[in-house]
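In what follows, a structure is listed as structure tokens, so that the remarks can point back to it.
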Amino acid sequence: MRQQGKPLGGYKIVKLKPFKNESPLDFSKPQVATKMQKAIEAVRGKLGKEYPILIGDQKFFADEKLRSYNPAHKAQVVGIFQRATQEHVKRAVETAYQAFERWSVQPAEKRVQRLLRVASLMRKNRLKLAAWMVFEVGKSWAEADADVCEAIDFAQFYAQESLRLNAPQPLVKIPSERNELCYIPLGVGVVIPPWNFPLAIMAGMTFASIVAGNTVVLKPSSDAPAVAAQLMEIFRQVELPPGVVNFVTGAGSALGDVLVTHPRTRYIAFTGSKEVGLRINQLAATIQPNQRWIKRVIAEMGGKDAIVVDTDADLDRAVDGVVASSFGYQGQKCSACSRAIIVEKIYDKFLSRLVERTRKLRMGAPEERGIDFGPVINDQAMRKIVAYIGKGQSEGRLLLGGKIHQEQGYFVEPTIIADVAPTATIAQEEIFGPVLAVIKAQDYDEALRIANNTEYGLTGAVYTKSKRKIKQAKQKFHAGNLYFNRKCTGALVGVHPFGGFDMSGTDSKAGGRDYLLLFTQAKVMSEKIK
Ligand code: NAP
């Protein structure tokens, strides 16, 4: 039990133990693997169900349907969803706006308690939630489990943060006045997540919104609506009041503009590609008739993340870190390493070990035990990645992979292209798949310059034993999340607040102490007493 306290007017004073991340499961243990297999079978029996749009306490069905498929078995329908119309979207925003009136004035402790119950139900359903991700987005067991852990961590961390922000805030005292500062909610938030962390990111943006007192219209990714539907079911079980989170499915290209430009929309919490993020930012800046505020945009976008390996690095460790960062979840992470920048003296040695290590990855349908490399998300993504591999072959030397296997699903082999110029297309554009460009640098200084030479600035890592070089990279390597002698993926809530610079986004630092502030505004109240 993480929660203690005594009753106070129908709810309890919440006292939380110091935040601690959920521990990942070890699937090499037979009893853990057996449990996961059971969860997979349980979820398999639920595939293909139809889900409604949820607005307030009402369910809606549309004429047009949206199907989500298993990328490892492309004919297998994971869920059938509604293609919402613009009328649904408008209704959802209006409903959220009405619900805001009640939800925003609830005691913060009550909202916190609700979120803690959500966390505890997620813990209870941990393996099933992971199994949904195995089916819907092709995550390996370990990646899916990490996604659930992160979602639970977000709930627990933002609950704690909400209590901190709702406690009396320190102000300079003056004798003649009593002053206080409160963080109050903003209004209706539109939450638009990507498919690649279909639980953690979707839930994280939603949890931050509602625990701060806002109400939400959640439009999940069209590639991962079934995972989002599981969270909606948990919200139902904890009796989240109707209208606090409204669930509207359909193509972002059809619904996004209506959501973003609605005059009642107060903010947009978006995570996804640079193109969509910039469009949202631009549209949100245009004032609509009857709009009474400047819309806030929290936009976390793409990356072209680099790992620099210097001559004095522990090579085995560096190879492991590059392989995990480049090919974990098939390279479909914003934090994935897509450029390995290797100092000349160790270049050839590094390449041969990199290829040897990458060959050991086991590719297959992640429903099976022991698979560490699954499919990419869909046909369109596969084609895009293949086009980049084609381009990469003219820009460098194909060392490994490059082939696709599409009989069952959308499989792209882990691909390594060496001798790539820092300015080449595959060294500049986000591919979002298992394609690693390896770049040779003359020396460490040049390696850092190459690392900074893109429009993005999300994650990065450096492998070196030199304290001086670490200090140099701390000053010069321009990335929102910079790591040393470890992989550049796997940020932990609370430990590594996450968000990028430049075209990688607004640097919102999800899972950090600054994050909830983005979902609130500060009100200062002064009372004359002398
Ligand atoms: P995406 O294509 O930009 O889609 C993201 C979300 O935006 C989806 O829900 C999508 O809906 C919606 N959308 C599409 N067009 C829209 C529009 N015109 N207006 C409003 N919403 C719209 O990105 P993705 O393929 O899902 O995710 C991959 C990208 O996310 C990569 O670039 C990756 O780097 C980035 N990412 C960044 C972070 C980070 O923290 N920086 C984390 C994870 C992922 P539909 O699915 O219906 O199209």
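The values are calculated or read from the model by the stated rules, or taken from the named source; none is laboratory data. Keep in mind the model is a prediction, meaning the values are calculated, not measured. Every residue, glycine among them, receives a Cβ derived from its backbone with ideal geometry; neighbour counts consider all protein chains shown. Areas reflect the complete protein model, heavy atoms only, side chains present, ligands, DNA and RNA absent. Shrake-Rupley method; radii C 1.70, N 1.55, O 1.52, S 1.80 Å.
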- [ ] Select from the range 116-126 the residues that are surrounded by fewer than 23 Cβ atoms within 10 Å (Cβ to Cβ) and part of a helix (DSSP H, G or I) and list them in ascending order.
- [x] LEU116, ARG117, SER120, LEU121, ARG123, LYS124, ARG126
- [ ] Find the residue count for the range 279-299, including only residues that are without any contact (Cβ under 8 Å) to a residue 60 or more places away in the chain, within 16 Å of the ligand (Cβ to nearest atom), open to solvent by less than 30 Å² (accessible area, probe 1.4 Å) and not charged (D, E, K, R).
- [x] 1
Open item on the list: Given the condition of a type outside the set (A, V, I, L, M, F, W, C), in contact (Cβ under 8 Å) with a residue 12 or more places away in the chain and either open to solvent by 10 Å² or more (accessible area, probe 1.4 Å) or not in a helix (DSSP H, G or I) (or both), answer yes or no: does some residue in the range 129-136 qualify?
Closed with: no
Open item on the list: within 25 Å of GLU94 (Cα to Cα), at pLDDT 95 or above and out of contact with any strand residue (DSSP E or B) (no Cβ under 7 Å at 6 or more places or on another chain): is that true of ASN290 in this structure?
Closed with: yes
Open item on the list: Anything in the range 71-102 that is part of a loop (DSSP other than H, G, I, E, B) and either touching a helix residue (DSSP H, G or I) at 6+ places or on another chain (Cβ under 6 Å) or not basic (Lys, Arg) (or both)? List them, or say none.
Closed with: PRO71, ALA72, ALA84, THR85
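Listed here are the residues, each with its yes/no results for (1) open to solvent by less than 10 Å² (accessible area, probe 1.4 Å); (2) within 24 Å of ARG279 (Cβ to Cβ).
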residue: PRO198; (1), (2): yes, yes
residue: ILE201; (1), (2): no, yes
residue: THR206; (1), (2): yes, yes
residue: SER209; (1), (2): yes, yes
residue: SER221; (1), (2): no, yes
residue: VAL227; (1), (2): yes, no
residue: LEU231; (1), (2): yes, no
residue: ALA251; (1), (2): no, yes
Task: Leading residue by the ranking (farthest from the ligand (Cβ to nearest atom)) among those in the range 170-191 that are more than 19 Å from ALA99 (Cβ to Cβ) and among the β-branched types (Val, Ile, Thr) - done: ILE174
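Looking at the range 176-207, which of the residues that are of a type in the set (Val, Ile, Thr) and in a strand (DSSP E or B) is farthest from MET122 (Cα to Cα)?
As a first pass, look at the range 176-207 and keep what is of a type in the set (Val, Ile, Thr): 184, 188, 190-192, 201, 206.
Filter again for in a strand (DSSP E or B), leaving 184, 188, 190-192.
Working: ILE184: 27, VAL188: 25, VAL190: 23, VAL191: 20, ILE192: 21 Å.
Among those residues, the one meeting the criterion is ILE184.
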Task: Options VAL308, VAL276, VAL245: the member that is at negative phi and within 10 Å of the ligand (Cβ to nearest atom) - done: VAL276
Task: Subset tally (residues that are near the ligand (Cβ under 6 Å from one of its atoms), outside any helix (DSSP H, G or I) and crowded, with 21+ Cβ neighbours inside 10 Å) for the range 253-273 - done: 2
Task: Matching residues in the range 38-70 - criterion: being open to solvent by 80 Å² or more (accessible area, probe 1.4 Å) and not in a strand (DSSP E or B) - done: LYS38, GLU41, ARG44, LYS46, ASP57, PHE61, ASP63, GLU64
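Before we move on, is ILE80 within 18 Å of SER221 (Cβ to Cβ) and in contact (Cβ under 8 Å) with a residue 60 or more places away in the chain?
The answer is no for ILE80.
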- [ ] Could you tell me whether any residue of the range 370-384 is open to solvent by 50 Å² or more (accessible area, probe 1.4 Å) and more than 24 Å from the chain's Cα centre (by Cα)?
- [x] no
Task: Filter result (in a loop (DSSP other than H, G, I, E, B), open to solvent by 60 Å² or more (accessible area, probe 1.4 Å) and in contact (Cβ under 8 Å) with a residue 60 or more places away in the chain) within the range 493-530 - done: VAL495, MET503, THR506, ARG513, ILE529, LYS530
Open item on the list: Let me spell it out: the conditions are (1) more than 21 Å from ARG513 (Cα to Cα); (2) out of contact with any Asp or Glu (no Cβ under 6 Å at 6 or more places or on another chain), and ALA224 meets all of them except one. Which number is the exception?
Closed with: (2)
Task: Positions within the range 345-355 being surrounded by fewer than 21 Cβ atoms within 10 Å (Cβ to Cβ) and touching a residue at least 24 places away in the same chain (Cβ under 8 Å), in sequence order - done: LYS345, ILE346, TYR347, LYS349, ARG353, VAL355
